[in-house]
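Chemist: Here you go, one structure.
Quick note: the coordinates plus some simple rules give every number you see, no bench work behind them. The structure presented is a predicted model; accordingly, all values stated were derived computationally and were not measured. With ideal geometry, Cβ positions are generated from the backbone for all residues, glycine too; neighbour counts draw on all protein chains shown.
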Amino acid sequence: MPSRHVFAALTALAAVPAVTVLAVGCSNTTGLPAPFSTNVVDTVSLWALRGTDISLPSAFSLSGNTTVRTDQTTAFDFAFDFDSIGEPALFPLGTLNLGQLSGLMQTTTAFDAITLAPTATYVLDKPLALDTGMVVIVRSRPTVCSFGATVSLYAKLRVLGVDSTAKRLDMEILVDQNCGYRGLQAGLPTQ
């Protein structure tokens, strides 16, 4: 038979969700939990999938906000390489036969002016040719969130430069690590 402490703990836990849901419901019409991660602009480099040392990262994972080595994982959202005509490009998962789950969208909107990621019109199955100064919005592969929902994460990036000799892409990127949020401005997202 459970102890008195177990009944007390269960009673206390049963009361918490009702209060929490009520508080969230009053201030948050999306039903999402409060954001926990602050959006920050980072500068990162990726090396081409082909023709560079395998120990160098060639891909980026929005979940975790990190560069990754493709020889160690397929849990990433886009990779860097040179396309069939030798142009630098980003490759969403569909171009690498890893499923059409992540997407890229080129935009003419200035990097700092992008505050909210769109939900549609991402390129899933073609490489996106790059040029210095270019701005891209990224939608991740589906991610299981701590509150049980499966959604995409969003990011924006700006190409700072491509070194064709070193086969390296330098970019700045802001990733919203808060599941279900599409806010792409520095600080805690509001959307």
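Chemist: If you rank Ser61, Ser45 by fewest surrounding Cβ atoms within 10 Å, what's the result? Display every interim value, and only then the final one.
Modeler: Numbers: Ser61 21, Ser45 16.
Sorted ascending by nearby Cβ count, the order is Ser45, Ser61.
Chemist: Taking 0.36 nm per residue of separation and subtracting the Cα-Cα distance, what length does fully extending Ala149 through Asp131 add?
Modeler: On the way: separation 18, 0.36 × 18 = 6.48 nm, distance 3.57 nm.
Extra length available between Ala149 and Asp131 comes to 2.9 nm.
Chemist: For the range 122-185, what class follows from the C-alpha gyration tensor (a ≥ b ≥ c being the square roots of its eigenvalues): rounded when a/c is under 1.5, otherwise prolate if a/b is larger than b/c, else oblate?
Modeler: On the way: a/c = 2.65, a/b = 2.11, b/c = 1.26.
Prolate shape, in that a/c is at least 1.5 and a/b is the bigger ratio.
Chemist: Which one, Thr150, Pro92, Gly133, is farthest towards the positive end of the dipole of the range 35-176 when Lys and Arg carry +1 and Asp and Glu -1 on their Cβ?
Modeler: Positive-end residue among those listed: Thr150.
Chemist: Give me Asp77, Asp83, Asp71 sorted ascending by neighbouring Cβ count inside 10 Å, so fewest comes first. The partial results should precede the final answer.
Modeler: On the way: Asp77 27, Asp83 16, Asp71 9.
So the ranking, lowest neighbour count to highest, is Asp71, Asp83, Asp77.
Chemist: As a footprinting exposure proxy, order Asp42, Asp176, Asp170, Asp53 by other Cβ within 10 Å, with the fewest listed first.
Modeler: Fewest-to-most Cβ neighbours within 10 Å comes out as Asp53, Asp42, Asp170, Asp176.
Chemist: Contour minus end-to-end for Leu124 and Phe36, with contour as 0.36 nm per residue of separation and end-to-end as the Cα-Cα distance?
Modeler: Gain on stretching Leu124 to Phe36: 28.8 nm.
Chemist: Any idea how far apart Leu160 and Thr74 come out in nm if each label point goes 7 Å out from Cα toward Cβ?
Modeler: Once both label points are built, they end up 3.2 nm from each other.
Chemist: Next question, about the same structure. Calculate the length of the line joining the C-alpha centroid of the range 74-88 to that of the range 137-191, in whole Å.
Modeler: Taking the Cα centre of the range 137-191 as reference, the centre of the range 74-88 is 17 Å away.
Chemist: Mind giving me the FRET efficiency for Asp112 and Ser45? R0 is 30 Å, r the Cβ-Cβ distance, nearest 0.05 is fine.
Modeler: 0.90
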